[in-house]
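Since every read-out is calculated from the coordinates, none of them should be taken as a lab result. Just so it is clear, the structure is predicted and the values come from calculations on it, not from any experiment. Here the Cβ positions follow ideal geometry from the backbone for every residue, glycine too, while neighbour counts run over all protein chains shown.
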Amino acid sequence: MKFRFKEIKLITILAGGTGSVKLVRGFVSQDDKVNVISNVGDNYWLYGLYVCPDIDTIIYGLADLLDYEKGWGIKKDTFGFLRQMEILGEETWFRIGDRDSAVHLMRTNMLKNGKSLSSITKWLCEKFAIPTNIIPVTDNTIETRITSNGEDLHLQEYWVKHRGSGDVEGIQYIGSDKARPNPDAISAIQDSSLVIIAPGNPLTSIGPMLSIKGLRKELHKNKRKVVAVSPFIGNKAFSGPAVKYLTAAGIESSAYGVAQMYADVASKIIIDTKDKNMRSKIEGLDIKVYDTKIGMKNKQSEDALASFILKQVRT
C-alpha cells in the first residue's frame with residue numbers, strides 16, 4: 001500500500017529539552033495526537049536524586065510551568081533547598097528549584113521501589129495533566145560524556161558546572177551499546193504516520209537516542225516518514241554549544257552537516273529560508289528539502305512551524 005502523508009493520524013517527535021520543547025508545543029497545539037520520545041543521555045544523579053532534564057523540560061513546557069526565560073526548570077520556583085545545601089557545604093552549580101526537587105525526589109523513590117523510568121514518566125504526565133505520551137527512549141542507563149582537556153566529564157558537568165569552557169576532544173554515549181530501545185518508542189515509530197526529529201542539539205540531544213542500534217534501525221526502516229528539522233540558520237545554532245560539539249566531531253555546522261548525520265534515518269528536512277542555497281547540496285544526499293522560517297521566538301512561530309510541516313508533508 002502506498003504511504004500518503006495526508007492520512008496523518010499520529011505524530012511522534014524525537015526530542016531533547018530546550019531545543020525541542022518549542023516544536024513539541026507547536027505540534028501539541030494542533031489537533032493531532034502526539035508522542036514524544038525523550039533523550040535520557042543527560043540524566044544526572046545529584047544529591048542522591050535522579051534528575052531527568054530533557055524529560056522534565058518537555059513535561060513543564062506542556063504543563064505551562066516551564067521557566068521560558070531560562071529554558072528549563074519551573075517558573076517562579078524558589079531555591080530554599082539549594083541554599084541550605086550550600087550552607088551544608090555542598091556544591092550548588094546545578095540550579096534545581098524547590099518544586100523541581102520534589103519531582104526528582106518522587107522519581108528517585110519510585111525507581112528505588114522497582115518502578116521503571118517509563119512508568120514513572122507516565123505517572124508524572126498524569127499528575128501534570130498532560131495528555132501527550134512522553135516516552136523515555138530507553139529504560140537503560142545512557143550517559144553522554146565529554147572529554148575536555150584530557151578530563152572525562154558528564155555532559156552536565158562540562159556544560160553547566162564548567163560552562164562549556166574547555167576544548168571538546170571527544171563525545172561518548174556510555175551504555176548505549178547495551179541499551180535496548182523502549183518497546184513503546186518502537187511501537188510509536190511504527191504506528192505513526194509522521195516522525196519528527198526535533199531541532200535539538202544533534203550530538204547531545206538527538207545523538208544519544210540514535211546511538212541505540214535498535215532505535216536507529218527502526219527509524220531507517222521507516223525512513224520515508226521521518227522528517228528532520230534543522231537547528232541551524234547559516235552556521236549558527238539556535239542555542240547551546242552545538243557548533244562546538246560538531247566542530248570537535250569534524251561535522252559541518254550547518255543544515256547540510258545535520259542532513260549528513262541523519263541521511264540514513266530521514267527522507268526529508270526542514271531548513272530555514274536563509275539556507276535555501278544549500279538545497280541542491282542536501283538533495284544530493286537523497287533528502288527532500290523544505291524551507292521556511294524555522295526560528296521559534298513565541299507561541300505563534302511555534303504553531304506556524306508545526307503547521308507548515310503538517311501542510312507540506314500532507315501534499
| request: Rounded to the nearest 0.05, what FRET efficiency do ASP264 and ALA304 give with R0 = 41 Å and r taken as the Cβ-Cβ distance? Could you check? | output: 0.90
| note | Largest fluctuation, VAL40, VAL160, VAL137 only, Gaussian network model of the chain with Cα springs under 10 angstrom, belongs to VAL160
| remark: If the chain between HIS220 and VAL243 were fully extended at 0.36 nm per residue, the gain over the current Cα-Cα distance would be 5.7 nm
| task | In whole Å, largest first, what are the principal axis extents of the Cα atoms in the stretch 254-315? | result | 33, 23, 17
| Looking at (1) 18.8, 65; (2) 34.7, 108; (3) 18.7, 57, which value of Rg and Dmax of the Cα atoms in Å comes from a calculation on the structure shown? | (1)
| the chain: angle of helix 53-62 to the longest principal axis, Cα-based, in degrees nearest 10 | 70 degrees
| note | Stokes-Einstein, Kirkwood over Cα pairs, the stretch 88-220, 20 °C, 1.002 mPa s; D in µm²/s equals 126 µm²/s
| message | List the trypsin sites (Lys or Arg not before Pro) within the stretch 133-218 that DSSP assigns to loop and that have no more than 13 neighbouring Cβ atoms inside 10 Å. | response | ARG163, LYS178
| request: Please give the peptides 54-66, 285-297, 197-209 ranked by average Cβ packing (other Cβ atoms within 10 Å per residue), highest first, as a rough proxy for protection. | output: 197-209, 54-66, 285-297
| field | Between 0 and 90°, nearest 10: helix 117-127 axis offset from the chain longest Cα axis | value | 90 degrees
| Tell me, how many Å apart are the Cα centres for the stretch 244-315 and for the stretch 46-114? | 32 Å
| said: Just to confirm the number: angle between the C-alpha axis of helix 98-112 and the first principal axis of the chain, 0 to 90 degrees, nearest 10? | reply: 90 degrees
| message | Quick check on packing: order 68-75, 85-92 by the mean number of other C-beta atoms within 10 Å, highest mean leading. | response | 68-75, 85-92
| Can you count the Lys pairs in the stretch 101-211 whose Cα atoms are under 21 Å apart, with each pair 8 or more apart or on different chains? | 4
| query | Using +1 on the beta carbon of Lys and Arg, -1 on that of Asp and Glu, and nothing else charged, what's the dipole of the chain about the Cα centre, debye to 20? | reply | 1260 debye
| note | Too long for a 25 Å Cα-Cα cut-off, among LYS33/LYS236; LYS221/LYS268; LYS213/LYS276; LYS268/LYS311, are LYS33/LYS236; LYS213/LYS276
